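Notes to accompany the following structure.
The values are calculated or read from the model by the stated rules, or taken from the named source; none is laboratory data. Just so we're clear, the structure is a prediction, and the values are computed from it rather than from any experiment. Positions of Cβ are backbone-derived with ideal geometry, glycine not excepted, and every protein chain shown enters the neighbour counts. The area values use the complete protein model at the heavy-atom level, side chains included, leaving out ligands, DNA and RNA. Shrake-Rupley method; radii C 1.70, N 1.55, O 1.52, S 1.80 Å.
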Amino acid sequence: MVETLPVGRFQLQQHRLELKRWAPAFLSSHKTLFTVLWIAAFASVFLWQRNIVGGGFSIFGKAGPGRPMPKTRPFALNLTDFGAVGDGVTVNTAAFERAVLAISKLGKRGGAQLNVPPGKWLTAPFNLTSHMTLFLAEDAEILGIEDERQWPLMPPLPSYGYGREHHGPRYGSLIHGQNLKDVVITGHNGTINGQGQSWWKKYRQKLLNHTRGPLVQIMWSSDIVISNITLRDSPFWTFHPYDCKNVTVRNVTILAPIFEAPNTDGIDPDSCDDVVIEDCYISVGDDAIAIKSGWDQYGISYGRPSRNILIRNLIVRSMVSAGVSIGSEMSGGVSNVTVENLLVWSSRRAVRIKTAVGRGGYVRHITYRNLTFDNTRVGIVIKTDYNEHPDDDFDRKALPILEDISFIGIHGQGVRVPVRIHGSEDIPVRNVMFRDMSVGITYKKKHIFQCSFVQGRVIGTIFPAPCENLDRYDEEERLVKRSGSQNVTDIDYDI
């Protein structure tokens, strides 16, 4: 599988590669780290904005003739051989279905690659098959048909009860798969475009009778790779792996308008094991990443945690929600998550854990390392009263456990409230650790490191000064001062 992009073709990937080459020599201080990340992020944004033409938005520079598509499977098939026409008008659903059927017959011989050549390939939702590579050439764009009547209905997800937005069936995803193994979606940075604008408008006008579908959803599957493509304008969540194992997302750009594109999360690993998300740019209308594991009593009953997840080397933006979230649907549990080398810019929140009474489950063994916040209203958020429920039958005695959460190497500028940990008497936050933190603030008053019902420790000196709920240790991890005020409440949402 080809993992690199051509010189001059995808500017953002160039910045990432340059960053990797500079890192060993220059990242000797956190100030330098912040500067390099800042330059990389905003140079990329400048290049993107420069390519706006006639009201459209393009992240592609101009390049020479398209490159040949590599062969990554024993067999390679072309979409046009199945009658597809890439004019943006012809509906190609049947062509995709015929191609996938042909690939399904080659599974025992190593599977096949379906090449999508340059063009605009309009289609209704279609399913993938095992041992398949979907390869999008440069300037290839799969377009989701806008007529929701052509999107099939599916049963509600078992860990979400009767439905996420509406009770009853839900719309399927544009690209879908169930009970699969060995599936790759990749290319020369081709695009999968959900054309979500009509969906968002109908959702706001309450004209939809079913829960919207994701752009790409893979369920009950293993060995999934998504790389070197752009996903944009999903009707709902963008990539939703559900109860999957061994999922990799690498070198992917995910885009949606930062406002008025409701619930367009970037990547939502849901009850998944062994996930790697790396080297991506995500700017969407909700959480860039949201780790989930089911909703209230339905998630508790389904009982599938999300665990062993690595998120690294990302640039993300969310003006509505957060860069990286855990929850709020986390009733099956979330554990063993590492988030590192993350830049969150011009966002409402940077990282957030959200839950509520009735969720049950747990969030534990979470490590945040080398995070940079730039012009972010709230940096770190833990919220225990996110009271959105599937119905009124949730168990009010099902209290989530939040523990063993570490923040190491947290830096940035232009942050209004660096920390807001809002535990409660019913849901305290236990064993939180801060080390090596220095965040430039915009609000020069007290109560910007906010805590409530939290127990933990601070190692060394951090800025701004921590709340009094936390124990203080020196750099050698020797106790300096024990907190006697773990249940003190100092939360101010007016800041």
Area accessible to solvent at Tyr162, 1.4 Å probe radius, in Å²: 130
For Met437, the accessible surface traced by a 1.4 Å probe with all protein chains present amounts, in square angstrom to the nearest 10, to 10
Which percentage, to the nearest 5, of the DSSP beta bridges contained in the chain is antiparallel? 5
Below 8 Å between Cα atoms, with a sequence gap of 6+, how large is the relative contact order for the chain in percent? 7
Paired Rg and Dmax values of region 383-495, which use every Cα atom, in angstrom: 15.3, 50
Probe radius 1.4 Å, ligands and nucleic acids ignored: give me the carbon and sulfur share of the accessible area of region 174-297 as a rounded percent. 48
Phi angles of region 277-291, converted by Karplus (6.51 cos²θ - 1.76 cosθ + 1.60, θ = phi - 60°) into ³J(HN,Hα) in whole Hz with x for Gly and Pro, give 10, 8, 6, 10, 10, 9, 9, 9, x, 8, 4, 5, 9, 9, 8
Asp287, Asp385, Asp393, reordered so the largest accessible area comes first (probe 1.4 Å): Asp393, Asp385, Asp287
Go ahead and run the numbers for FRET between Thr367 and His166, Cβ-Cβ distance against an R0 of 35 Å, rounding to 0.05. 0.40
So if I take the centroid of the Cα atoms in region 218-256 and the same for region 381-455, what is the distance between those two points in Å? 28
Using the Karplus equation 6.51 cos²θ - 1.76 cosθ + 1.60 (θ = phi - 60°), what ³J(HN,Hα) coupling, rounded to whole Hz, does each residue of region 374-382 give in order, writing x for Gly and Pro? 10, 6, 10, 4, 10, x, 10, 10, 10
Cβ-Cβ FRET estimate between Asp393 and Lys71, R0 fixed at 60 Å, reported to 0.05: 0.65
Quote the FRET efficiency, to the nearest 0.05, computed for Ser198 versus Val276 with a Förster distance R0 of 30 Å and r equal to the Cβ-Cβ distance. 0.35
Using θ = phi - 60° and the Karplus curve 6.51 cos²θ - 1.76 cosθ + 1.60, what whole-Hz ³J(HN,Hα) does each residue of region 465-474 get, with Gly and Pro shown as x? 4, x, 6, 6, 6, 9, 5, 10, 10, 7
Heavy-atom accessible area with a 1.4 angstrom probe orders Lys108, Lys444, most exposed first, as Lys108, Lys444
Whole-Å semi-axes of the chain's equivalent ellipsoid, largest first, each the root of 5 times a Cα gyration tensor eigenvalue? 39, 26, 20
Glu475 paired with Arg430, simple spin-label distance in nm, labels 7 Å along Cα-to-beta-carbon: 3.3
For Thr442, the accessible surface traced by a 1.4 Å probe with all protein chains present amounts, in square angstrom to the nearest 10, to 80
Ordering Phe453, Phe259, Phe239 by accessible area with a probe of 1.4 Å, largest first, what comes out? Phe259, Phe453, Phe239
Probe 1.4 Å, protein heavy atoms only - accessible area per residue of the chain in square angstrom: 39
State which entries of Lys201/Lys354; Lys181/Lys383; Lys397/Lys481; Lys202/Lys397; Lys71/Lys201; Lys120/Lys181 exceed 30 angstrom in Cα-Cα distance in the structure shown. Lys181/Lys383; Lys397/Lys481; Lys202/Lys397; Lys71/Lys201
